[in-house]
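Asker: My structure is below; once you've seen it, I'll send some questions.
We did not get these values from a lab; they are worked out from the coordinates using the rules stated. Predicted model, so just to flag it, every value in this text is computed and none were measured.
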Amino acid sequence: MSASIARAFATRAGARLPRVAPTAIAASRRFISIEPMYTAEATATGGRNGQAISSDKVLNVGLTFPKALGGPGLPGKTNPEQLFAAGYAACFQGALGLVAQGSKVKIPESSTVTAAVHIGKHPEGAFGLGVEMRIDAPGVDKATLQKLVDQAHEICPYSRATRNNIEVKLV
């Protein structure tokens with residue numbers, strides 16, 4: 001993101017951009033090692049008004065800073081929040097299917113998971129994200145679906161990555 005866009009974004013959101021040394025950020029987080037089974041890799045150029053492309057070239061998208069945040073909001077281009085929403089929704093639906101299968105509950109193929117990713121001013125300064133997950137599974141009673149959603153939230157890798165970092169509402 002260019003410095004001028006970052007300033008405009010910060011000004012519009014009423015936020016101040018903190019200056020934190022990268023080592024301070026790394027030291028304050030607890031990392032859990034995993035044994036990778038798959039690695040996705042993508043490279044962005046030009047920040048929020050650039051392009052993102054996966055290493056296998058399957059994903060190749062133009063990026064635009066949303067109008068709501070003071071950017072151009074160019075048609076036919078996406079933004080990091082939309083990409084995160086798509087990935088989280090797909091991953092969560094996979095986790096939901098897995099826990100349903102383990103519970104011997106049939107989730108219809110017409111079921112949907114919609115992730116709404118919000119970006120805004122964080123109470124401690126700078127910016128933060130919030131997510132609202134809307135789950136619809138026609139024919140599955142509300143109590144059963146809620147139990148499955150809660151279980152999916154425990155095992156979904158995106159849910160695990162965001163836990164205690166951002167607010168995630170399950171609707």
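Asker: With θ set to phi - 60° and the Karplus curve 6.51 cos²θ - 1.76 cosθ + 1.60, what are the ³J(HN,Hα) couplings of the stretch 68-79 in order, to the nearest whole Hz, using x for Gly and Pro?
Answerer: After applying 6.51 cos²θ - 1.76 cosθ + 1.60, I find 4, 9, x, x, x, x, 5, x, x, 10, 10, 9 Hz.
Asker: Please tell me which of these pairs span more than 28 angstrom C-alpha to C-alpha: Lys142/Lys169; Lys106/Lys169; Lys67/Lys169; Lys57/Lys106?
Answerer: Pairs exceeding 28 Å: Lys57/Lys106.
Asker: For the stretch 64-92 and the stretch 112-139, what is the separation of their Cα centres, given in Å?
Answerer: What the calculation gives is 13 Å, centre to centre.
Asker: Next up: For the stretch 137-146, just list the computed ³J(HN,Hα) in residue order, Karplus coefficients 6.51, -1.76 and 1.60, θ = phi - 60°, integers in Hz, with x standing in for Gly and Pro.
Answerer: Rounded to whole hertz, the list is 9, x, x, 9, 5, 4, 5, 5, 4, 4.
Asker: Amide H neighbours of Ala126 under 5 Å, at least 5 residues apart or on other chains, H built in the peptide plane: list them.
Answerer: Close amide H contacts, sequence-distant or interchain: Arg16.
Asker: Give me a comma-separated list of calculated 3J(HN,Hα) values for the stretch 154-169, in order, Karplus coefficients 6.51, -1.76, 1.60 applied at θ = phi - 60°, integers in Hz, x for any Gly or Pro.
Answerer: Per-residue couplings from phi come out as 6, 9, 4, x, 5, 4, 5, 5, 8, 4, 6, 10, 9, 6, 10, 9 Hz.
Asker: Follow-up question, since we're still on this one. Return the Cα extents of the stretch 95-160 along principal axes one, two and three, sorted largest first, each rounded to a whole Å.
Answerer: 45, 20, 18
Asker: Another one. List the aspartates and glutamates whose alpha-carbon lies under 16 Å from that of Lys147, not counting same-chain residues fewer than 8 positions away?
Answerer: Partners within reach: Asp136.
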